[in-house]
Amino acid sequence: MRRHLLTTAAVAVVALSLAACGTTEPSAEDSAASGKTAEKITLTDDTGTKVTLDGPAKKVVATEWNVVEDLITLGVAPVGVADVKGYTAWNTAAPLTGDPKDIGTRGEPSIDTVAALAPDLVVATTDLSPAVVKQLRKVAPVLEITAADAADQIGTMTESLDLIAKATGTTDKADAAKKDFEASVAEGRKALEDAGLGGAEIASADGYVASNQVSIRAYTGGSLLGAVNEKLGLKNAWTVEGDESYGLATTDVEGLTGLGDVHFPYVANDADGDAFAGPLAKNAVWKSLPFVKDGNVYRLPDGVWMFGGPRSMEAYIDSLVDALTKK
């Protein structure tokens, strides 16, 4: 599969105008020096909060990995990123650019570190606690986007990108990214159909070990991966109900016995281990599952972020189609 590495999707529009002074029109350099390069931008974020910017934001801090990806895709190198090491391990579709400062964890960013960066804008998600957002608003304007919505994951993804693009004056790149994502979906769907896999049953998952017990996360039809699977013409085999935000459900190895003969792609990362190739490999129940016996278990490449933007979803499509069609 051809990997698409263009920018992420969105359709917002930002009106920019150069400010003139005196009786002569200033040069671009004079306008930049005067600080009057753009009109103010007023946005309403996903919490209903109005956010006013002096112009397209250039120095941006991101508290969650999906919005980090969005910024990079739009050509905006964030000056501050939550958990740089984790992002680097889990998202290779949109590598970090520049030299962003690590602002702490995604759930507890350092307010002092963010303040020291003097950002034009902080982009956060609704997963961040209101108390932390309140503190961040004392430092800079904060744009909150919906973290996830099982009712419409792809729509939520693109709408979030629209909002960030509007705040950063990058709607042209966002439009190109959306077209690229749709092209990737169409190409992947055709490849699967050509391989006789149209309508094939799929159960995307990841897994982790806690207290010596393996837990398996099911990416139901309400998840972002589940939504992409369905756009590719695949049928989601999970019957468990996912949560209202991320469309995820948790089960154990016994819970896999009802899946039947499915394709089972899973996401893992060397940084956090592989529950399927590790602890489950010798498990009698696991080894008895039809899709395990048939060799229909696929570990996707490291760096596919399951909750990212269009670039991550393009990487997922490429790796999924490659795995299924090369069997």
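The values are calculated or read from the model by the stated rules, or taken from the named source; none is laboratory data. No experiment lies behind these values; they were computed from the predicted model shown. Neighbour counts run over all protein chains shown; Cβ positions are idealised from the backbone, glycine included.
Scanning region 252-285 for residues that are under 21 Å from Val240 (Cα atoms), surrounded by fewer than 18 Cβ atoms within 10 Å (Cβ to Cβ) and of a type outside the set (D, E, K, R) returns Gly255, Thr257, Gly258, Gly260, Val285.
State yes or no: is Ser211 among the hydroxyl-bearing types (Ser, Thr, Tyr) and free of Cβ contacts under 8 Å to residues at least 60 places away in the same chain?
Judged against the criteria, Ser211 is a match.
Restricting attention to region 162-199, the residues that are assigned to a loop (DSSP other than H, G, I, E, B) and farther than 17 Å from Ser319 by Cα total 4.
Any idea which residue in region 144-167 is surrounded by the fewest Cβ atoms within 10 Å (Cβ to Cβ), counting only those that are among the small types (Gly, Ala, Ser) and under 24 Å from Val60 (Cα atoms)? So the residue we want is Gly155. Under the condition of being closer than 17 Å to Asn283 by Cα, among the polar types (S, T, N, Q) and not in a loop (DSSP other than H, G, I, E, B), the residues counted in region 246-268 number 1. A single entry from Gly226, Gly155, Gly222 fulfils the requirement of being in a helix (DSSP H, G or I), touching a residue at least 60 places away in the same chain (Cβ under 8 Å) and on the phi < 0 side of the Ramachandran plot: Gly226. The residues listed here are Ala195, Ala218, Ala177, Ala227; of these, the one that is over 23 Å from Asp127 (Cα atoms), out of contact with any Pro (no Cβ under 9 Å at 6 or more places or on another chain) and not β-branched (Val, Ile, Thr) is Ala195. Taking every residue in region 63-91 that is at negative phi and pairing it with any residue that is among the acidic types (Asp, Glu) and at pLDDT 95 or above, at least 6 positions away or on another chain, the pairs with Cβ-Cβ distances below 7 Å are Glu64/Asp127; Val81/Asp102; Ala82/Glu64; Val84/Asp102; Asn91/Glu69. Of the residues making up region 155-166, those that are closer than 15 Å to Glu69 by Cα and not polar (S, T, N, Q) are Met157, Glu159, Leu161, Asp162, Leu163, Ile164, Ala165.
For first residues located in region 191-202 and in the same structural domain as Val321 (by TED's automatic domain parsing) and of a type in the set (A, V, I, L, M), partners that are outside any helix (DSSP H, G or I) and modelled with pLDDT under 95 and lie 6+ apart or on another chain with Cβ distances below 8 Å form the pairs Ala191/Met1. Only a single item in (1) farther than 21 Å from Glu201 by Cβ; (2) part of a loop (DSSP other than H, G, I, E, B); (3) at pLDDT below 95 is not met by Asp243, and it is number (3). Within region 123-147, residues that are over 19 Å from Ser160 (Cα atoms) have Cβ atoms under 6 Å from residues that are β-branched (Val, Ile, Thr) and buried (at least 16 other Cβ atoms within 10 Å of the Cβ) in these pairs: Leu136/Val122; Leu136/Val142; Val139/Val114; Ala140/Val122, counting only partners at least 6 apart in sequence or on another chain. Answer yes or no: is there a residue in region 298-317 that is over 21 Å from Ala94 (Cβ atoms), in contact with a strand residue (DSSP E or B) (Cβ under 9 Å, 6 or more places away or on another chain) and either outside any loop (DSSP other than H, G, I, E, B) or among the aliphatic types (A, V, I, L, M) (or both). Taking every residue of region 298-317 in turn, at least one turns out to be over 21 Å from Ala94 (Cβ atoms), in contact with a strand residue (DSSP E or B) (Cβ under 9 Å, 6 or more places away or on another chain) and either outside any loop (DSSP other than H, G, I, E, B) or among the aliphatic types (A, V, I, L, M) (or both). Of the residues in region 289-320, how many are touching a His at 6+ places or on another chain (Cβ under 6 Å) and closer than 15 Å to Leu161 by Cβ? Number satisfying all stated conditions: 1.
Being assigned by TED's automatic domain parsing to the domain that holds Gly55 and either surrounded by 14 or more Cβ atoms within 10 Å (Cβ to Cβ) or on the phi > 0 side of the Ramachandran plot (or both) narrows it down to one residue among Pro130, Pro141, Pro95; which is it?
Values: Pro130 fails: either surrounded by 14 or more Cβ atoms within 10 Å (Cβ to Cβ) or on the phi > 0 side of the Ramachandran plot (or both); Pro95 fails: either surrounded by 14 or more Cβ atoms within 10 Å (Cβ to Cβ) or on the phi > 0 side of the Ramachandran plot (or both).
The unique qualifying residue is Pro141.
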